[in-house]
Amino acid sequence: MRLIKIILFSISLVVLFPFISNAQTSCVQNLREARNFYDAGKLNDLPKLLLKCIDNGFSDEEKVEALRLVTLSYLFNEDQEKAEASYLRLLKIEPEYEVNLDSDPTELIILSERYDTDPKFFYGFKLGSAFNLIEITEYKPIYNLADSGSYEPPIGFSVGLFFQYPINEEFSANLETHYNFRNTVLNRNTESAEGNSTGIQSISEIQQWVEVPLLVNYKLPMAQNFLLEATGGPSFHYLLSSRLSVRGGPGSEINNIDMMVYRNQLNVSGILGLRANFKRLGRNFVTVEALYQYRFIDEVNMNVDRAELNWILKDAVYAENQYKGHALILRVGLRFPRFNPELIK
């Protein structure tokens with residue numbers, strides 16, 4: 001049965017292919033003939049010659065050319081309603097179509113100015129890395145057995161989606177959501193109670209966050225070949241997981257203990273930066289942004305019962321500092337416009 005279906009399908013392709021090929025050839029000939037008619041000033045026959053092929057037979061590029069000719073025919077015959085509908089159909093296929101101000105008829109130029117062809121909104125995705133800047137807001141030494149130490153350059157990464165709504169020619173607003181991964185590592189020189197060096201103690205904490213920025217963008221006028229925006233606004237953070245490890249030093253080791261209850265799971269930050277959008281993929285943009293993010297809330301939760309944790313940390317000869325995790329962020333992504341051309345009444 002399956003073999004019979006394959007044979008019938010193959011036969012139908014063989015039978016129909018010449019008709020399809022002939023139809024496409026005929027439409028190409030019609031478009032060529034329509035150009036000659038237009039050059040000769042014979043505009044009345046253009047709709048009849050082209051509309052059937054516009055519905056079925058032309059490529060998008062050919063449809064745009066054919067609809068332009070049909071629109072000119074309607075304008076020549078002072079059929080404004082059909083001209084408006086024909087030009088709108090053209091814009092649905094190619095929203096960024098622009099008339100030639102030097103060579104197109106004045107009637108077509110005037111008609112084109114009556115349409116809203118700006119993108120209704122943009123959407124896309126971003127991914128990138130973050131250089132985290134740890135600010136110690138309260139230092140807690142323990143028995144003076146270790147120095148304050150220093151943080152390794154804590155590089156995190158993020159991936160997310162965004163929605164951008166144009167407010168006017170200069171301002172737009174972004175609603176975004178990102179998944180962020182962060183690993184902070186604090187290295188400290190430690191010593192025993194007798195004053196002998198016990199090597200380096202390494203304290204690492206791996207965290208996963210969900211972040212929701214609400215940003216306002218301002219189009220900067222100095223860029224000519226790309227869209228440059230200043231961006232800023234609040235960002236809201238929710239902690240998904242946090243696990244702490246302590247290795248080395250004079251005390252016992254800690255391996256991946258859950259720190260969620262000892263962390264402020266909600267946080268707020270402020271974002272300020274620049275974003276460049278380069279039109280590279282047809283109507284779409286490659287977007288690159290550099291941001292500075294400042295967290296307003298300390299990350300360690302001191303308002304819960306920490307007795308059990310303090311005993312664990314004491315055995316590891318470690319006491320938690322209070323801190324904030326700011327960041328320098330670099331992201332790249334793709335930005336897609338959503339068009340819906342409309343006739344302005």
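Overview of results
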quantity	calculated
Every residue from the stretch 164-195 that is modelled with pLDDT of 85 or more and hydroxyl-bearing (Ser, Thr, Tyr)	Tyr165, Ser172, Thr177, Tyr179, Thr184
Options Phe162, Phe181; residue that is of a type in the set (Phe, Trp, Tyr) and within 23 Å of Leu281 (Cα to Cα)	Phe162
Among the residues listed as Lys82, Lys92, the single one being assigned to a helix (DSSP H, G or I), at pLDDT 95 or above, out of contact with any helix residue (DSSP H, G or I) (no Cβ under 6 Å at 6 or more places or on another chain) and surrounded by fewer than 17 Cβ atoms within 10 Å (Cβ to Cβ)	Lys92
Residues of the stretch 148-191 classified as among the acidic types (Asp, Glu) and on the phi > 0 side of the Ramachandran plot, total	0
Any strands (runs of 3 or more DSSP E) falling wholly within the stretch 231-345 and containing at least 1 residues that are over 30 Å from Ile167 (Cα atoms)	254-258, 322-338
Close pairs (8 angstrom Cβ cut-off, 6 or more residues apart or separate chains): free of Cβ contacts under 8 Å to residues at least 40 places away in the same chain in the stretch 107-119, surrounded by 16 or more Cβ atoms within 10 Å (Cβ to Cβ) and aliphatic (A, V, I, L, M) anywhere	Glu107/Leu72; Glu107/Leu75; Ile109/Val99; Ser112/Val99
Check on Leu227, touching a Lys or Arg at 6+ places or on another chain (Cβ under 7 Å), free of Cβ contacts under 8 Å to residues at least 40 places away in the same chain and assigned by TED's automatic domain parsing to the domain that holds Gln293	no
Tally of residues being exposed (fewer than 14 other Cβ atoms within 10 Å of the Cβ) and of a type in the set (D, E, K, R) across the stretch 43-79	6
Meets criteria (within 20 Å of Asn340 (Cβ to Cβ), outside any helix (DSSP H, G or I) and either in contact (Cβ under 8 Å) with a residue 12 or more places away in the chain or among the β-branched types (Val, Ile, Thr) (or both)) for Phe131	no
Count of residues meeting criterion [surrounded by 15 or more Cβ atoms within 10 Å (Cβ to Cβ) and in contact with a Leu (Cβ under 7 Å, 6 or more places away or on another chain)] in the stretch 95-110	4
Gly282 vs. criteria crowded, with 16+ Cβ neighbours inside 10 Å and at positive phi	no
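The values are calculated or read from the model by the stated rules, or taken from the named source; none is laboratory data. Computed from a prediction, not measured in an experiment: that's the story for all the values here. Here Cβ is always computed from backbone atoms with ideal geometry, including for glycine, and neighbour counts include all displayed protein chains.
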